[in-house]
Amino acid sequence: MRTPVNVTVTGAAGQIGYALLFRIASGAMLGPDTPVRLKLLEIPQGVKAAEGTAMELDDCAFPLLAGIDIDDDAGRAFDGANVALLVGARPRGAGMERADLLEANGGIFGPQGKAINDGAADDVRVLVVGNPANTNALIAAAHAPDVPADRFTAMTRLDHNRALSQVAHKAGVPVAEVRRLTIWGNHSATQYPDLFHADVAGTPGGTLTADKAWLTDDFIPTVAKRGAAIIDARGASSAASAANAAIDHVHDWVHGTPAGDWTSAGIVSRGEYGVPEGLVCSYPVTASDGAWHVVEDLEIDDFSRERIDASVAELAAERDTVRSLGLV
Ligand code: NAI
(Lines give C-alpha, C1' and ligand atoms only; values in the text may rest on other atoms or scores of the structure.)
Protein backbone atom coordinates (compact mmCIF):
# COMPACT_ATOMS: atom_id res chain seq x y z
CA MET A 1 0.00 0.00 0.00
CA ARG A 2 1.18 3.53 -0.78
CA THR A 3 2.21 5.85 2.03
CA PRO A 4 -0.94 7.55 3.34
CA VAL A 5 -1.49 11.20 2.51
CA ASN A 6 -1.98 13.31 5.64
CA VAL A 7 -5.17 15.35 5.39
CA THR A 8 -5.73 17.91 8.16
CA VAL A 9 -9.30 19.13 8.58
CA THR A 10 -10.11 21.96 10.99
CA GLY A 11 -13.60 22.41 12.37
CA ALA A 12 -13.95 18.66 12.06
CA ALA A 13 -16.93 18.47 14.43
CA GLY A 14 -18.92 21.06 12.50
CA GLN A 15 -21.60 20.41 9.94
CA ILE A 16 -19.31 20.74 6.91
CA GLY A 17 -16.79 18.50 8.66
CA TYR A 18 -19.47 15.85 9.10
CA ALA A 19 -20.30 15.94 5.38
CA LEU A 20 -16.65 16.09 4.33
CA LEU A 21 -14.73 13.51 6.32
CA PHE A 22 -16.59 10.45 5.07
CA ARG A 23 -16.06 11.41 1.46
CA ILE A 24 -12.34 12.05 1.98
CA ALA A 25 -12.03 8.66 3.68
CA SER A 26 -13.94 6.96 0.87
CA GLY A 27 -11.40 8.16 -1.71
CA ALA A 28 -13.61 10.77 -3.40
CA MET A 29 -11.03 13.52 -2.95
CA LEU A 30 -7.67 11.93 -3.68
CA GLY A 31 -8.74 8.90 -5.70
CA PRO A 32 -9.23 5.19 -5.19
CA ASP A 33 -5.52 4.37 -4.95
CA THR A 34 -4.54 6.88 -2.27
CA PRO A 35 -4.80 5.95 1.41
CA VAL A 36 -5.40 8.86 3.77
CA ARG A 37 -4.64 9.62 7.39
CA LEU A 38 -7.11 12.13 8.82
CA LYS A 39 -5.80 14.69 11.29
CA LEU A 40 -8.72 16.49 12.88
CA LEU A 41 -8.34 19.85 14.59
CA GLU A 42 -11.04 21.20 16.88
CA ILE A 43 -11.29 23.64 19.72
CA PRO A 44 -11.33 21.85 23.10
CA GLN A 45 -15.17 22.01 23.31
CA GLY A 46 -15.39 20.30 19.90
CA VAL A 47 -13.04 17.41 20.58
CA LYS A 48 -15.64 15.04 22.04
CA ALA A 49 -17.95 15.47 19.05
CA ALA A 50 -14.99 14.94 16.72
CA GLU A 51 -14.28 11.71 18.59
CA GLY A 52 -17.85 10.64 17.88
CA THR A 53 -17.39 11.34 14.18
CA ALA A 54 -14.14 9.36 14.28
CA MET A 55 -16.04 6.41 15.78
CA GLU A 56 -18.45 6.53 12.85
CA LEU A 57 -15.56 6.76 10.39
CA ASP A 58 -14.17 3.61 11.99
CA ASP A 59 -17.54 1.95 11.63
CA CYS A 60 -17.47 2.54 7.88
CA ALA A 61 -14.36 0.32 7.62
CA PHE A 62 -13.09 2.42 4.72
CA PRO A 63 -10.24 0.47 3.10
CA LEU A 64 -8.36 3.71 2.33
CA LEU A 65 -8.52 5.15 5.84
CA ALA A 66 -5.11 4.56 7.41
CA GLY A 67 -5.82 6.31 10.73
CA ILE A 68 -7.43 9.24 12.52
CA ASP A 69 -5.76 11.67 14.94
CA ILE A 70 -7.80 14.22 16.87
CA ASP A 71 -6.21 17.27 18.46
CA ASP A 72 -6.90 20.72 19.80
CA ASP A 73 -3.33 21.81 19.10
CA ALA A 74 -2.64 23.30 15.66
CA GLY A 75 1.07 22.45 15.79
CA ARG A 76 0.32 18.74 16.13
CA ALA A 77 -2.64 18.75 13.75
CA PHE A 78 -0.70 20.33 10.87
CA ASP A 79 2.47 18.33 11.47
CA GLY A 80 3.25 16.54 8.22
CA ALA A 81 0.04 17.76 6.51
CA ASN A 82 -0.01 17.24 2.75
CA VAL A 83 -3.50 18.65 2.35
CA ALA A 84 -5.04 21.11 4.82
CA LEU A 85 -8.72 21.97 4.75
CA LEU A 86 -9.32 25.02 6.96
CA VAL A 87 -13.04 24.80 7.66
CA GLY A 88 -13.38 25.91 11.29
CA ALA A 89 -13.89 29.65 11.64
CA ARG A 90 -15.46 32.19 13.93
CA PRO A 91 -19.01 32.93 12.77
CA ARG A 92 -20.34 36.48 12.82
CA GLY A 93 -22.03 37.03 16.17
CA ALA A 94 -24.87 39.43 16.95
CA GLY A 95 -23.73 43.05 16.69
CA MET A 96 -20.33 42.09 15.31
CA GLU A 97 -18.89 44.51 12.75
CA ARG A 98 -16.95 43.26 9.73
CA ALA A 99 -13.67 44.41 11.31
CA ASP A 100 -14.49 42.44 14.48
CA LEU A 101 -15.14 39.36 12.37
CA LEU A 102 -11.86 39.77 10.51
CA GLU A 103 -10.00 40.29 13.76
CA ALA A 104 -11.56 37.21 15.40
CA ASN A 105 -10.66 35.10 12.40
CA GLY A 106 -7.17 36.56 12.29
CA GLY A 107 -6.73 35.00 15.72
CA ILE A 108 -7.49 31.60 14.17
CA PHE A 109 -5.95 31.75 10.69
CA GLY A 110 -2.72 33.54 11.71
CA PRO A 111 -1.63 30.82 14.16
CA GLN A 112 -2.84 28.08 11.80
CA GLY A 113 -0.77 29.60 8.96
CA LYS A 114 2.24 29.62 11.27
CA ALA A 115 1.66 26.00 12.26
CA ILE A 116 1.48 25.06 8.56
CA ASN A 117 4.69 26.99 7.96
CA ASP A 118 6.47 25.24 10.81
CA GLY A 119 5.28 21.68 10.44
CA ALA A 120 3.40 20.83 7.24
CA ALA A 121 4.92 18.67 4.52
CA ASP A 122 6.86 20.39 1.72
CA ASP A 123 4.06 19.71 -0.75
CA VAL A 124 1.28 21.07 1.48
CA ARG A 125 -1.81 22.39 -0.31
CA VAL A 126 -4.21 24.54 1.69
CA LEU A 127 -7.88 25.21 1.01
CA VAL A 128 -9.60 27.77 3.20
CA VAL A 129 -13.37 27.20 3.48
CA GLY A 130 -14.09 29.11 6.71
CA ASN A 131 -15.42 32.60 6.09
CA PRO A 132 -14.46 35.23 5.16
CA ALA A 133 -12.55 32.64 3.14
CA ASN A 134 -10.49 34.84 0.81
CA THR A 135 -9.15 37.10 3.54
CA ASN A 136 -8.67 34.21 5.96
CA ALA A 137 -6.47 32.60 3.27
CA LEU A 138 -4.57 35.87 2.91
CA ILE A 139 -3.94 35.92 6.67
CA ALA A 140 -2.83 32.27 6.76
CA ALA A 141 -0.47 32.77 3.80
CA ALA A 142 1.04 35.87 5.44
CA HIS A 143 2.00 33.72 8.44
CA ALA A 144 3.66 31.06 6.29
CA PRO A 145 6.59 32.82 4.60
CA ASP A 146 8.36 29.53 3.86
CA VAL A 147 5.40 28.03 2.00
CA PRO A 148 4.94 29.18 -1.60
CA ALA A 149 1.98 31.59 -1.73
CA ASP A 150 0.33 29.60 -4.51
CA ARG A 151 -0.30 26.75 -2.03
CA PHE A 152 -2.91 28.88 -0.24
CA THR A 153 -6.34 28.96 -1.83
CA ALA A 154 -9.87 29.98 -0.88
CA MET A 155 -13.01 28.13 -1.86
CA THR A 156 -15.28 29.60 -4.52
CA ARG A 157 -16.05 26.20 -6.02
CA LEU A 158 -19.44 26.08 -4.33
CA ASP A 159 -20.37 29.34 -6.06
CA HIS A 160 -19.05 27.89 -9.33
CA ASN A 161 -21.11 24.72 -8.94
CA ARG A 162 -24.20 26.75 -8.04
CA ALA A 163 -23.74 28.79 -11.22
CA LEU A 164 -23.35 25.63 -13.33
CA SER A 165 -26.67 24.30 -12.05
CA GLN A 166 -28.51 27.58 -12.55
CA VAL A 167 -27.34 27.77 -16.17
CA ALA A 168 -28.17 24.11 -16.83
CA HIS A 169 -31.72 24.67 -15.52
CA LYS A 170 -32.16 27.83 -17.55
CA ALA A 171 -30.87 26.27 -20.78
CA GLY A 172 -32.56 22.90 -20.17
CA VAL A 173 -29.33 20.95 -20.65
CA PRO A 174 -27.49 18.46 -18.42
CA VAL A 175 -25.10 20.16 -16.04
CA ALA A 176 -22.18 18.27 -17.61
CA GLU A 177 -22.75 20.25 -20.79
CA VAL A 178 -22.10 23.61 -19.13
CA ARG A 179 -18.44 24.55 -19.19
CA ARG A 180 -16.11 27.51 -18.75
CA LEU A 181 -18.09 29.48 -16.23
CA THR A 182 -16.18 31.80 -13.95
CA ILE A 183 -16.68 33.17 -10.46
CA TRP A 184 -14.63 36.34 -10.09
CA GLY A 185 -13.66 38.12 -6.89
CA ASN A 186 -14.69 37.49 -3.32
CA HIS A 187 -16.72 34.63 -1.84
CA SER A 188 -19.39 37.08 -0.76
CA ALA A 189 -22.47 38.78 -2.16
CA THR A 190 -20.22 40.91 -4.41
CA GLN A 191 -18.89 37.89 -6.32
CA TYR A 192 -19.42 38.00 -10.08
CA PRO A 193 -20.54 34.83 -11.86
CA ASP A 194 -19.48 35.35 -15.49
CA LEU A 195 -21.30 33.61 -18.31
CA PHE A 196 -19.77 35.51 -21.21
CA HIS A 197 -17.09 32.92 -21.98
CA ALA A 198 -19.15 29.86 -21.14
CA ASP A 199 -20.05 27.01 -23.43
CA VAL A 200 -23.60 25.73 -22.93
CA ALA A 201 -24.09 22.49 -24.85
CA GLY A 202 -22.04 23.88 -27.71
CA THR A 203 -23.75 27.29 -27.72
CA PRO A 204 -21.80 30.31 -26.47
CA GLY A 205 -22.94 31.17 -22.95
CA GLY A 206 -23.05 34.75 -24.17
CA THR A 207 -26.31 33.85 -25.92
CA LEU A 208 -27.99 33.64 -22.52
CA THR A 209 -26.53 37.00 -21.53
CA ALA A 210 -28.62 38.68 -24.24
CA ASP A 211 -31.47 38.41 -21.74
CA LYS A 212 -30.12 41.21 -19.57
CA ALA A 213 -33.08 41.13 -17.17
CA TRP A 214 -32.49 37.43 -16.45
CA LEU A 215 -28.75 37.99 -16.15
CA THR A 216 -28.85 40.94 -13.76
CA ASP A 217 -32.07 40.32 -11.81
CA ASP A 218 -32.05 36.54 -11.66
CA PHE A 219 -28.83 34.68 -12.47
CA ILE A 220 -26.24 36.89 -10.77
CA PRO A 221 -28.19 37.52 -7.53
CA THR A 222 -29.42 33.89 -7.34
CA VAL A 223 -25.84 32.61 -7.40
CA ALA A 224 -24.47 35.32 -5.13
CA LYS A 225 -27.26 34.99 -2.54
CA ARG A 226 -27.73 31.24 -2.72
CA GLY A 227 -26.11 30.74 0.69
CA ALA A 228 -28.75 32.94 2.35
CA ALA A 229 -31.55 31.16 0.43
CA ILE A 230 -30.30 27.79 1.71
CA ILE A 231 -30.26 29.08 5.30
CA ASP A 232 -33.79 30.37 4.83
CA ALA A 233 -35.05 27.04 3.48
CA ARG A 234 -33.01 24.57 5.51
CA GLY A 235 -32.66 26.47 8.73
CA ALA A 236 -28.92 25.85 8.55
CA SER A 237 -26.15 26.90 6.20
CA SER A 238 -24.94 24.89 3.21
CA ALA A 239 -23.00 21.90 4.42
CA ALA A 240 -23.09 18.90 2.06
CA SER A 241 -22.75 21.15 -0.99
CA ALA A 242 -19.89 23.03 0.64
CA ALA A 243 -18.16 19.75 1.50
CA ASN A 244 -18.72 18.55 -2.05
CA ALA A 245 -17.15 21.72 -3.43
CA ALA A 246 -14.11 21.26 -1.19
CA ILE A 247 -13.73 17.71 -2.52
CA ASP A 248 -14.01 19.01 -6.11
CA HIS A 249 -11.45 21.77 -5.48
CA VAL A 250 -8.76 19.51 -4.02
CA HIS A 251 -9.53 16.71 -6.49
CA ASP A 252 -8.93 19.02 -9.45
CA TRP A 253 -5.87 20.63 -7.86
CA VAL A 254 -4.26 17.21 -7.48
CA HIS A 255 -5.61 15.43 -10.56
CA GLY A 256 -6.05 18.35 -12.97
CA THR A 257 -9.08 19.92 -14.67
CA PRO A 258 -10.58 18.28 -17.77
CA ALA A 259 -9.24 19.41 -21.15
CA GLY A 260 -11.28 22.22 -22.66
CA ASP A 261 -12.82 23.30 -19.38
CA TRP A 262 -11.88 25.42 -16.42
CA THR A 263 -13.14 26.03 -12.91
CA SER A 264 -13.01 28.81 -10.29
CA ALA A 265 -10.77 29.10 -7.25
CA GLY A 266 -9.56 31.86 -4.96
CA ILE A 267 -5.82 32.07 -5.52
CA VAL A 268 -3.15 34.63 -4.71
CA SER A 269 -3.20 37.22 -7.48
CA ARG A 270 -0.06 37.95 -9.41
CA GLY A 271 -1.80 40.95 -10.93
CA GLU A 272 -3.78 39.06 -13.58
CA TYR A 273 -6.75 41.00 -15.00
CA GLY A 274 -5.72 44.11 -13.09
CA VAL A 275 -6.35 42.60 -9.64
CA PRO A 276 -3.82 43.99 -7.13
CA GLU A 277 -1.02 41.54 -6.48
CA GLY A 278 -1.34 39.53 -3.29
CA LEU A 279 -5.13 39.58 -2.94
CA VAL A 280 -6.75 36.14 -2.76
CA CYS A 281 -9.16 36.52 -5.64
CA SER A 282 -11.38 34.05 -7.45
CA TYR A 283 -10.30 33.55 -11.06
CA PRO A 284 -11.00 31.24 -13.96
CA VAL A 285 -8.38 28.53 -13.45
CA THR A 286 -7.16 25.27 -14.85
CA ALA A 287 -5.06 22.82 -12.86
CA SER A 288 -2.22 20.67 -14.11
CA ASP A 289 0.89 19.19 -12.51
CA GLY A 290 -0.53 19.99 -9.09
CA ALA A 291 -0.75 23.75 -9.68
CA TRP A 292 -3.47 26.26 -10.58
CA HIS A 293 -3.07 28.41 -13.68
CA VAL A 294 -5.16 31.50 -14.39
CA VAL A 295 -6.92 31.36 -17.76
CA GLU A 296 -5.37 34.32 -19.54
CA ASP A 297 -6.51 36.69 -22.28
CA LEU A 298 -10.27 36.54 -21.78
CA GLU A 299 -11.94 39.59 -23.17
CA ILE A 300 -13.65 41.50 -20.36
CA ASP A 301 -16.37 43.90 -21.44
CA ASP A 302 -17.61 46.89 -19.44
CA PHE A 303 -20.48 44.94 -17.86
CA SER A 304 -18.08 42.35 -16.43
CA ARG A 305 -15.31 44.84 -15.61
CA GLU A 306 -17.58 46.90 -13.39
CA ARG A 307 -18.65 43.84 -11.41
CA ILE A 308 -15.17 42.34 -11.11
CA ASP A 309 -13.83 45.70 -9.93
CA ALA A 310 -16.54 46.01 -7.27
CA SER A 311 -15.74 42.61 -5.79
CA VAL A 312 -11.99 43.22 -5.97
CA ALA A 313 -12.50 46.56 -4.20
CA GLU A 314 -14.17 44.66 -1.36
CA LEU A 315 -11.19 42.28 -1.18
CA ALA A 316 -8.81 45.25 -1.07
CA ALA A 317 -10.85 46.84 1.72
CA GLU A 318 -10.73 43.58 3.73
CA ARG A 319 -6.96 43.43 3.19
CA ASP A 320 -6.62 47.04 4.36
CA THR A 321 -8.62 46.23 7.49
CA VAL A 322 -6.52 43.19 8.41
CA ARG A 323 -3.38 45.22 7.63
CA SER A 324 -4.48 48.00 9.97
CA LEU A 325 -5.13 45.35 12.63
CA GLY A 326 -1.58 44.05 12.15
CA LEU A 327 -2.86 40.65 11.00
CA VAL A 328 -0.85 40.55 7.77
P1 NAI B 1 -20.07 24.85 12.15
O2 NAI B 1 -20.30 25.96 13.11
O3 NAI B 1 -21.06 23.74 12.03
O4 NAI B 1 -18.66 24.18 12.45
C5 NAI B 1 -17.50 24.91 12.66
C6 NAI B 1 -16.59 24.08 13.53
O7 NAI B 1 -15.33 24.74 13.60
C8 NAI B 1 -17.11 23.91 14.97
O9 NAI B 1 -17.12 22.54 15.30
C10 NAI B 1 -16.10 24.69 15.80
O11 NAI B 1 -15.88 24.10 17.07
C12 NAI B 1 -14.85 24.59 14.92
N13 NAI B 1 -13.83 25.60 15.17
C14 NAI B 1 -14.01 26.91 15.50
N15 NAI B 1 -12.83 27.50 15.68
C16 NAI B 1 -11.89 26.58 15.44
C17 NAI B 1 -10.47 26.59 15.50
N18 NAI B 1 -9.80 27.69 15.85
N19 NAI B 1 -9.81 25.45 15.21
C20 NAI B 1 -10.49 24.34 14.88
N21 NAI B 1 -11.82 24.25 14.84
C22 NAI B 1 -12.51 25.36 15.10
O23 NAI B 1 -19.83 25.55 10.74
P24 NAI B 1 -19.91 24.91 9.28
O25 NAI B 1 -21.29 24.98 8.79
O26 NAI B 1 -19.20 23.61 9.28
O27 NAI B 1 -19.09 26.01 8.43
C28 NAI B 1 -17.73 26.22 8.65
C29 NAI B 1 -17.25 27.47 7.91
O30 NAI B 1 -17.40 27.31 6.51
C31 NAI B 1 -18.04 28.73 8.27
O32 NAI B 1 -17.11 29.80 8.40
C33 NAI B 1 -18.91 28.97 7.05
O34 NAI B 1 -19.24 30.32 6.90
C35 NAI B 1 -17.96 28.50 5.97
N36 NAI B 1 -18.59 28.19 4.67
C37 NAI B 1 -17.89 28.51 3.54
C38 NAI B 1 -18.38 28.23 2.30
C39 NAI B 1 -17.61 28.60 1.07
O40 NAI B 1 -18.17 28.42 -0.03
N41 NAI B 1 -16.38 29.08 1.13
C42 NAI B 1 -19.69 27.59 2.14
C43 NAI B 1 -20.35 27.25 3.38
C44 NAI B 1 -19.80 27.56 4.62
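The values are calculated or read from the model by the stated rules, or taken from the named source; none is laboratory data. Worth saying up front: this structure is predicted, and the values here are computed from it rather than measured. Backbone-built Cβ (ideal geometry, glycine too); neighbour counts: all protein chains shown. Ligands, DNA and RNA are excluded from the accessible area calculation, which covers all protein heavy atoms including side chains. Shrake-Rupley method; radii C 1.70, N 1.55, O 1.52, S 1.80 Å.
Observations on the model:
- If you filter the range 245-265 down to residues that are surrounded by 23 or more Cβ atoms within 10 Å (Cβ to Cβ) and among the hydroxyl-bearing types (Ser, Thr, Tyr), you find that the one that is nearest to Leu138 (Cα to Cα) is Ser264.
- Among the residues listed as Pro111, Pro91, the single one being within 14 Å of the ligand (Cβ to nearest atom) and modelled with pLDDT under 95: Pro91
- Candidates Val9, Val47, Val5 - the one that is at pLDDT 95 or above and open to solvent by less than 10 Å² (accessible area, probe 1.4 Å): Val9
- Subset of the range 142-159 (residues that are open to solvent by less than 30 Å² (accessible area, probe 1.4 Å) and either under 11 Å from Gly266 (Cβ atoms) or charged (D, E, K, R) (or both)): Phe152, Thr153, Ala154, Met155, Thr156, Arg157, Asp159
- Cβ-Cβ distances below 7 Å connect no pair with a first residue in the range 239-259 that is modelled with pLDDT under 95, a second residue that is within 10 Å of the ligand (Cβ to nearest atom), and a separation of six or more residues or different chains.
- The criterion of at least 2 residues that are more than 16 Å from the ligand (Cβ to nearest atom), touching a residue at least 40 places away in the same chain (Cβ under 8 Å) and in contact with a strand residue (DSSP E or B) (Cβ under 6 Å, 6 or more places away or on another chain) is met, among strands (runs of 3 or more DSSP E) falling completely within the range 1-86, by 5-10, 65-71.
- Cβ-Cβ under 6 Å pairs, at least 6 apart or on other chains, the range 214-229 side over 14 Å from Ala168 (Cα atoms), far side among the hydrophobic types (A, V, I, L, M, F, W, C): Ala224/Ala189
- Residue identified as among the β-branched types (Val, Ile, Thr), closer than 15 Å to Asn136 by Cα and at pLDDT 95 or above among Val268, Val285, Val294: Val268
- Yes/no for Ala287 being without any contact (Cβ under 8 Å) to a residue 40 or more places away in the chain, hydrophobic (A, V, I, L, M, F, W, C) and in contact with a Gly (Cβ under 8 Å, 6 or more places away or on another chain): yes
- Qualifying position, being away from the ligand (no atom under 16 Å from the Cβ) and surrounded by 18 or more Cβ atoms within 10 Å (Cβ to Cβ), among Ser269, Ser288: Ser269
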